[in-house]
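Below: the structure, in structure tokens.
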Amino acid sequence: MEAAEKEEISVEDEAVDKNIFRDCNKIAFYRRQKQWLSKKSAYQALLDSVTTDEDSTRFQIINEASKVTLLAEIYGIEGNIFRLKINEETPLKPRFEVPDVLTSKPSTVRLISCSGDTGNLILADGKGGLKCHITANPFKVDLVSEEEVVISINSLGQLYFEHLQILHKQRAAKENEEEASVDTSQENQEDLGLWEEKFGKFVDIKANGPSSIGLDFSLHGFEHLYGIPQHAESHQLKNTGDEDAYRLYNLDVYGYQIYDKMGIYGSVPYLLAHKLGRTIGIFWLNASETLVEINTEPAVEYTLSQMGPVAAKQKVRSRTHVHWMSESGIIDVFLLTGPTPSDVFKQYSHLTDIGEK
């Protein structure tokens, strides 16, 4: 009995010391995004800037507060895949784009522009079964399958994009320029980690300032989510709370705790969602440190009540919001539309060569 107790104590002693790894409240880009999004900054798509070629449809997105523009590109890819890229239109220098993950340049299908109302653009694949509905103000993208909205992008207005800036020493006279993405007052410099971020004995110098990105996805009718490894959590992903996001970062964590959202080894930014009749996937192609927040709004049923004027039984579908935040790079995301689990796995393996050999 005593030996068993000693063994249990020794195992507990070997558990990971979380103080040597960063959690959300110690990550500067997380704090910046949460602070800025509380202001509900809005982006607007400039649909009069739309250009279309064989590969993609391009248009500008403008931040209504800073008046700085981004360039959005939407691609239709063979096998019922859509790709959305968002980058600075005129970056100070090229932002990092992940190489060597895609097997080759994906084979595209031409997206056809359909008639839409003022302030809207509808793009359809050749078969017409899948459509992208782009709303100009505020900017939003709905992926529609057979007249049913499956995924909404930026429906919560959490698009976030920090622009590269000139060297800190050269920008003293320009601190209050409109293109600054965050509050750059002196008292916030250290806490927000704009130009220098410290953790323990490590110091991260940011020569061109902060460059994090973020975007939200609303999955209609989905409550069951899986993926974004590697974590010692339950198979089905759980809702996250404040400072409780899933962390994607290449680590080597010995003696990790189970049922914990902290990253432990590899990082694969690939999420699956499943419901009766459809499975979809989101592949967030970004190699930098990434945090993922999940929040499910369960289905609610309203029934006849003697207390109110409800005329008939109705049901509100569940919806899950997934908020991706990455430290740097560009927004480059693939929407795998299934509709079956087998289809989603084929779509992912087609992009990355996983499981093809």
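The values are calculated or read from the model by the stated rules, or taken from the named source; none is laboratory data. Everything numeric in this text was worked out from a predicted model, so none of it was measured. For neighbour counting, all protein chains shown are included, and Cβ atoms are generated from backbone atoms with ideal geometry for every residue, glycine included. Protein only, heavy atoms only, side chains kept; ligands, DNA and RNA dropped before computing areas. Shrake-Rupley method; radii C 1.70, N 1.55, O 1.52, S 1.80 Å.
Quick look at the values:
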| read-out | value |
| --- | --- |
| Principal semi-axes in Å for the stretch 41-160 [√(5λ), Cα gyration tensor, largest first] | 22, 20, 13 |
| Restraint check, 140/206; 39/140; 105/275; 39/67, Cα-Cα greater than 21 Å | 140/206; 105/275 |
| Segments 289-296, 241-248 sorted - mean Cβ within 10 Å per residue, highest first | 289-296, 241-248 |
| Low-density loop cleavage sites - GluC sites (Glu not before Pro) in the stretch 112-159, where at most 16 other Cβ are within 10 Å (DSSP) | 146, 147 |
| Dipole moment magnitude, nearest 20 debye, the stretch 222-269 about Cα centre, only Lys, Arg, Asp, Glu C-beta charged | 140 |
| Residue 34 accessible area, 1.4 Å probe, all protein chains in place, Å² to nearest 10 | 80 |
| For residue 49, residues with placed amide H under 5 Å, excluding near neighbours | 60 |
| Anisotropy class of the stretch 241-286 from Cα gyration tensor, a/c 1.5 cut | prolate |
| D_trans [Stokes-Einstein, Kirkwood Rh over alpha-carbon pairs] for the stretch 191-287, 25 °C, 0.890 mPa s, µm² s⁻¹ | 156 |
| Linear extension gain, residue 96 paired with residue 297, 0.36 nm per residue minus alpha-carbon span | 68.9 nm |
| All-pairs alpha carbon distance profile, the stretch 92-160, 5 Å steps from 0, percent | 4, 14, 18, 18, 16, 19, 10, 3, 0 |
